[in-house]
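Below you'll find the structure, written out as C-alpha cells, and then a few comments.
The values are calculated or read from the model by the stated rules, or taken from the named source; none is laboratory data. Here the structure is a predicted model, which means the values were calculated and not measured. As a convention, Cβ positions derive from the backbone with ideal geometry for all residues, glycine included, and neighbour counts pool all protein chains shown. The area values use the complete protein model at the heavy-atom level, side chains included, leaving out ligands, DNA and RNA. Shrake-Rupley method; radii C 1.70, N 1.55, O 1.52, S 1.80 Å.
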Amino acid sequence: MACLELRNKGLVLVETFVAIFIFGLIAMAGTLAIMNAYKMLEFSRIASKGAVAATTVLEKLRKMPINNLQDSTEEITVGGKNFSVITTLCPPSSVCNDQTKTLNLQVFYNTKNVYEMQFTLTALR
C-alpha cells in the first residue's frame with residue numbers, strides 16, 4: 001500500500017512539471033504576441049508622424065512657383081521625432097513640362113523609409 005502511495009506522489013510531481021512547462025510555453029507565446037503588437041503600434045505612430053512631415057513639405061512646395069521647384073532634402077521634427085524628407089522632381093516615367101511637374105516625397109526615420117507619396121502639380125494660368 002505504501003508503495004502505491006509513493007508511486008502516486010511521483011506521478012503528481014510529473015504532472016505538475018508538465019503543467020508548469022505548458023503554462024510557460026503559453027506565457028512565452030503571449031509575451032511574443034504582445035511585443036509584436038507593440039512594435040507594430042510604434043511603427044504605425046512613426047508612419048503617421050512621417051505623413052505629417054510629408055504634408056508639411058508638400059504645403060511649402062505648393063506655395064512655390066512651379067518653375068522654382070527642385071530636388072531637396074529637409075529635416076522635419078514632428079512630435080519629437082526627426083524625419084528626413086527627400087523630394088525628387090520629375091522621377092523616371094513621370095509627366096514633366098513647363099506647366100506640370102511630378103514630385104516624389106520619401107520620408108525616412110533613422111534611415112528607414114516610413115512614408116512615400118507621389119503627386120503631380122500643375123500651374124494654373
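Numbers for the structure displayed
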| item | result |
| --- | --- |
| Positions within the stretch 114-124 being crowded, with 18+ Cβ neighbours inside 10 Å and among the hydroxyl-bearing types (Ser, Thr, Tyr), in sequence order | Tyr115 |
| Pick from the stretch 20-65, criterion closer than 30 Å to Gln99 by Cα and touching a strand residue (DSSP E or B) at 6+ places or on another chain (Cβ under 6 Å), ranking: most open to solvent (accessible area, probe 1.4 Å) | Val52 |
| Count - residues of the stretch 79-113 that are open to solvent by 70 Å² or more (accessible area, probe 1.4 Å) and of a type in the set (A, V, I, L, M) | 1 |
| Condition check for Asn8: open to solvent by 70 Å² or more (accessible area, probe 1.4 Å), of a type in the set (S, T, N, Q) and modelled with pLDDT under 95 | yes |
| Residues located in the stretch 49-96, provided they are farther than 17 Å from Thr120 by Cβ and acidic (Asp, Glu) | Glu74, Glu75 |
